[in-house]
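Structure record follows, encoded as structure tokens.
The values are calculated or read from the model by the stated rules, or taken from the named source; none is laboratory data. Values in this document were obtained by computation on a predicted structure and should not be read as measured data. Neighbour counts are summed over all protein chains in view; Cβ atoms, including those assigned to glycine, are modelled from backbone coordinates with ideal geometry. For the accessible areas, the whole protein counts, side chains as well, though only heavy atoms, and no ligand, DNA or RNA atoms are used. Shrake-Rupley method; radii C 1.70, N 1.55, O 1.52, S 1.80 Å.
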Amino acid sequence: MARALIIGCGAVATVAIKKCCTASEVFSEICIASRHRENCEKLAQELRPNTKTVITTAAVDADKAENVSKLIKEYKPDLVMNIALPYQDLAIMDACLECGVNYMDTANYEPENIDDPEWRKVYDKRVKEQGFSAYFDYSWQWAYKEKFEKAGLTALLGSGFDPGVSQAYCAYALKHQFDTIEEIDILDCNGGDHGYKFATNFNPEINLREVSAPGSYWDTDANGKGHWVEIPAMSIKREYVFDEVGKKDMYLLHHEEIESLAQNIPGVKRIRFFMTFGQSYLDHMRCLEDVGMLSTQPIKFQGQDIVPIQFLKALLPDPASLGPRTVGKTNIGCIFKGTKDGKPKTYYLYNVCDHQECYKELGSQAIAYTTGVPAMCGAMMVLTGKWNKPGVHTVEEFDPDPFMEALTKYGLPWKENFNPVLVD
Ligand code: NDP
């Protein structure tokens, strides 16, 4: 019996909220809040007749910590689930600290304005020291570790699929399948087809920033020292045959969980992340990038300030509307190479999810589903005390077993392959 404040009511949050309402024994009360309360209320009205969870709604602009603090003080939740955008992570963490409440999110912090000189100074230093230039990284949220520890509060970072389940798979493999893991390849395949020439499966601004950034992976030199290797965007391509999906092209991307896994999986030598893209998506993205449509820098247009990527977002299909038209499956998981009982071993742990099945169950496509279900399961772990560790932690730092059990129960069972084809 607990009370959760859920910030965000978009594609991912809608799935998480619907799943919370099927687990009223844990989520006895929820408050859904975003800037546009009418969206939260619309969803609440749809859900109230069929759930024991008591649902209230609120308007909040989570860009400012004081707004979130005010709402927390009124609602008194046991946990704040941040399923808004990564831009709000720090403001919501500040509010949780001020009010003494546990925190969770689905993506690590990045600023909305990457031209802010204060942020830029820290960013430039990190690029130089660490060697990867993505706009998002864990340093901002890891800086809260001591504060959360001292306050006796748990902050769970990145409880979606990847990041999120991908890290639980690593923890599971280490706990049950390996003595040491040397190599991890995280493969994210979306074999779904929505029929549009170009659309993004989750928030376009966040998605396009991630995909257009240079790729990078974790590697180890001859002296055993781990380091980042950065490559131009989309310059490493592989073909892979995915179970239940078939053959797809996939590209090496920078991805946030590589950063925490490199610290938390002892002895790991190489970690890479690959995502599948169709040619049409890549052609459109390149063209939009070339003409400046992915820029976050405001330009003057007919007397008004317009941010090109925000304008583009307004033109693109709403990711939440892709559900009815998307057919096909996703296949997301990790291939491990390491040793068990002194012998070399490989192992592939993954989930396959069907877009139309997700739509039939919850009215959402599989990308929102595969992110929203782990968000709800992660929240459930914190609220039931199974994942209770003061400080700021990523998913692989917790016991994977109860989380993976919950994932299976709420719609994301895993599959195993003990002789997988490896990625060269
Ligand atoms: P959407 O754009 O669909 O929804 C975002 C929601 O956040 C909206 O309800 C919006 O409502 C709310 N919001 C935005 N700004 C604010 C604000 N200032 N204050 C309060 N609420 C705000 O995004 P998605 O659902 O696609 O993505 C949600 C999160 O999930 C993102 O952080 C994304 O990066 C992450 N994600 C993680 C994945 C993973 O595997 N880990 C995969 C996919 C996504 P309103 O406009 O009313 O404020």
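So which residues in the range 160-202 are assigned to a strand (DSSP E or B), touching a Ser or Thr at 6+ places or on another chain (Cβ under 6 Å), more than 13 Å from the ligand (Cβ to nearest atom) and open to solvent by 10 Å² or more (accessible area, probe 1.4 Å), if there are any at all?
Taking the range 160-202 first, the residues assigned to a strand (DSSP E or B) are 160, 164, 180-190, 193.
From what is left, the residues that are touching a Ser or Thr at 6+ places or on another chain (Cβ under 6 Å) are 160, 180, 186, 189-190.
Those still in the list that are more than 13 Å from the ligand (Cβ to nearest atom) too: 180, 189.
The one that is assigned to a strand (DSSP E or B), touching a Ser or Thr at 6+ places or on another chain (Cβ under 6 Å), more than 13 Å from the ligand (Cβ to nearest atom) and open to solvent by 10 Å² or more (accessible area, probe 1.4 Å): Thr180.
Name the single residue, out of those in the range 81-126 being among the β-branched types (Val, Ile, Thr) and within 22 Å of the chain's Cα centre (by Cα), that is surrounded by the fewest Cβ atoms within 10 Å (Cβ to Cβ).
Within the range 81-126, the first condition is being among the β-branched types (Val, Ile, Thr), and the residues that meet it are 83, 92, 101, 106, 114, 122.
Narrowing the set further to residues that are within 22 Å of the chain's Cα centre (by Cα) leaves 83, 92, 101, 106, 114.
Values: Ile83: 30, Ile92: 29, Val101: 25, Thr106: 29, Ile114: 14.
Ranking the qualifying residues of the range 81-126, first place goes to Ile114.
The residue that is nearest to the chain's Cα centre (by Cα), counting only those in the range 292-345 that are surrounded by fewer than 16 Cβ atoms within 10 Å (Cβ to Cβ) and under 30 Å from Asn419 (Cα atoms), is Val327. Of the residues making up the range 68-80, those that are assigned to a helix (DSSP H, G or I) and either touching a Cys at 6+ places or on another chain (Cβ under 6 Å) or surrounded by fewer than 19 Cβ atoms within 10 Å (Cβ to Cβ) (or both) are Ser69, Lys70, Ile72, Lys73, Glu74, Tyr75.
Collect the residues in the range 330-355 that are of a type in the set (A, V, I, L, M) and either free of Cβ contacts under 8 Å to residues at least 40 places away in the same chain or under 14 Å from Pro413 (Cα atoms) (or both), keeping them in residue-number order. I'd like the intermediate steps shown before the answer.
Applying the first criterion (of a type in the set (A, V, I, L, M)) to the range 330-355 yields 332, 335, 349, 352.
Selection gives Ile332, Leu349, Val352.
The single condition among (1) modelled with pLDDT of 95 or more; (2) in contact with a helix residue (DSSP H, G or I) (Cβ under 9 Å, 6 or more places away or on another chain); (3) of a type in the set (Ser, Thr, Tyr) that Ser364 does not meet is (1).
Being more than 10 Å from the ligand (Cβ to nearest atom), open to solvent by 10 Å² or more (accessible area, probe 1.4 Å), not in a strand (DSSP E or B) and not polar (S, T, N, Q) narrows it down to one residue among Glu41, Glu29; which is it?
Working: Glu29 fails: not in a strand (DSSP E or B).
Of Glu41, Glu29, the one residue that is more than 10 Å from the ligand (Cβ to nearest atom), open to solvent by 10 Å² or more (accessible area, probe 1.4 Å), not in a strand (DSSP E or B) and not polar (S, T, N, Q) is Glu41.
Do you know which residues across the range 128-181 are closer than 16 Å to Leu90 by Cβ and either free of Cβ contacts under 8 Å to residues at least 24 places away in the same chain or over 19 Å from the mean Cα position of the chain (by Cα) (or both)? Don't jump to the end; show me each part of the working.
Just the residues of the range 128-181 that are closer than 16 Å to Leu90 by Cβ, to begin with: 135-148, 151, 153, 155-158.
Once the filter is applied, which keeps residues that are closer than 16 Å to Leu90 by Cβ and either free of Cβ contacts under 8 Å to residues at least 24 places away in the same chain or over 19 Å from the mean Cα position of the chain (by Cα) (or both), the range 128-181 yields Ser139, Ala143, Tyr144, Lys145, Glu146, Lys147, Phe148, Ala151, Leu153.
So that you can scan it fast, the table gives a plain yes or no per residue for (1) in contact (Cβ under 8 Å) with a residue 24 or more places away in the chain; (2) more than 14 Å from the ligand (Cβ to nearest atom); (3) over 17 Å from Gly378 (Cα atoms):
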{"site": "Ile7", "(1), (2), (3)": "yes, no, no"}
{"site": "Ala11", "(1), (2), (3)": "yes, no, yes"}
{"site": "Ala23", "(1), (2), (3)": "yes, yes, no"}
{"site": "Ala33", "(1), (2), (3)": "yes, no, yes"}
{"site": "Arg37", "(1), (2), (3)": "no, no, yes"}
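Among the numbered conditions (1) open to solvent by 10 Å² or more (accessible area, probe 1.4 Å); (2) away from the ligand (no atom under 14 Å from the Cβ); (3) out of contact with any His (no Cβ under 7 Å at 6 or more places or on another chain); (4) not hydroxyl-bearing (Ser, Thr, Tyr), the only one that Leu349 does not meet is (1).
Of all the numbered requirements in (1) more than 24 Å from Glu416 (Cα to Cα); (2) more than 16 Å from the ligand (Cβ to nearest atom); (3) outside any loop (DSSP other than H, G, I, E, B), Asn223 misses one, and that requirement is (3). Residue pairs whose Cβ atoms lie under 8 Å apart, sitting 6 or more positions apart in sequence or on different chains, and linking a residue in the range 216-243 that is small (Gly, Ala, Ser) to a partner that is open to solvent by 60 Å² or more (accessible area, probe 1.4 Å) and not in a loop (DSSP other than H, G, I, E, B), are Ser216/Glu230.
For the range 75-100, the set of residues classified as within 15 Å of the ligand (Cβ to nearest atom) and among the hydrophobic types (A, V, I, L, M, F, W, C) consists of Val80, Met81, Ile83, Ala84, Leu85, Leu90, Ala91, Ile92, Met93, Ala95, Cys96, listed by residue number.
Would you confirm whether or not the range 261-274 contains a residue that is closer than 23 Å to Ile206 by Cα, open to solvent by 30 Å² or more (accessible area, probe 1.4 Å) and part of a loop (DSSP other than H, G, I, E, B)?
Step one: filter the range 261-274 for residues closer than 23 Å to Ile206 by Cα, giving 261, 271-274.
This time we only want the ones that are open to solvent by 30 Å² or more (accessible area, probe 1.4 Å), so: none.
No, there is no match, as no residue in the range 261-274 is closer than 23 Å to Ile206 by Cα, open to solvent by 30 Å² or more (accessible area, probe 1.4 Å) and part of a loop (DSSP other than H, G, I, E, B).
So if I check each of Glu289, Glu205, Glu257, Glu244, which one is in a helix (DSSP H, G or I), open to solvent by 30 Å² or more (accessible area, probe 1.4 Å) and of a type in the set (Asp, Glu)? Talk me through it step by step, then tell me what you get.
Working: Glu205 fails: open to solvent by 30 Å² or more (accessible area, probe 1.4 Å); Glu257 fails: open to solvent by 30 Å² or more (accessible area, probe 1.4 Å); Glu244 fails: in a helix (DSSP H, G or I).
Just a single option satisfies the conditions, and that option is Glu289.
Being open to solvent by less than 30 Å² (accessible area, probe 1.4 Å) and of a type in the set (A, V, I, L, M, F, W, C) is the requirement here; does Leu383 meet it? No; evaluated as a whole, the condition is false for this residue.
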